[in-house]
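Here is the structure we will look at, set down as structure tokens.
The values are calculated or read from the model by the stated rules, or taken from the named source; none is laboratory data. None of these values were measured; they are calculated from a predicted model. With ideal geometry, Cβ positions are generated from the backbone for all residues, glycine too; neighbour counts draw on all protein chains shown.
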């Protein structure tokens, strides 16, 4: 028997088991969800945004996070800082010094203190799509 592990959208785990003599695979759903160890520290940064003026995904914000102590910085591929914010209400519009940046992958650094005073640091990539 071969067993494959898939992570579906929203991190719902599924197990797919199939035997070579069975034509249709058997799908079994696990009855538990993967949840963060500390939900108050579940800061999320989207992996892409489209600042094209259509009012959908035009501004990149840190999401699902409750804190007043935040340090959010975005760098271009040469390590140059193109955006910095210390407020959850201030997001990046895909501009640097007032000029639109081209489509590309940028790196972010996030440091924050959660509601329970846990400190977190995260880094990742975000794609700007024009």
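Tallying residues that are assigned to a strand (DSSP E or B) and free of Cβ contacts under 8 Å to residues at least 40 places away in the same chain within region 93-130 yields 10. Being in contact (Cβ under 8 Å) with a residue 40 or more places away in the chain, surrounded by 16 or more Cβ atoms within 10 Å (Cβ to Cβ), assigned by TED's automatic domain parsing to the domain that holds residue 114 and closer than 18 Å to residue 128 by Cα: is that true of residue 83 here? Spelling it out, it is not the case that residue 83 is in contact (Cβ under 8 Å) with a residue 40 or more places away in the chain, surrounded by 16 or more Cβ atoms within 10 Å (Cβ to Cβ), assigned by TED's automatic domain parsing to the domain that holds residue 114 and closer than 18 Å to residue 128 by Cα. Residues in region 99-119: is at least one surrounded by 15 or more Cβ atoms within 10 Å (Cβ to Cβ), touching a helix residue (DSSP H, G or I) at 6+ places or on another chain (Cβ under 8 Å) and at pLDDT below 90? Yes: one or more hits. Is one or more of the residues making up region 26-44 surrounded by 12 or more Cβ atoms within 10 Å (Cβ to Cβ), outside any loop (DSSP other than H, G, I, E, B) and at pLDDT 90 or above? So far as region 26-44 goes, no, none of its residues is surrounded by 12 or more Cβ atoms within 10 Å (Cβ to Cβ), outside any loop (DSSP other than H, G, I, E, B) and at pLDDT 90 or above.
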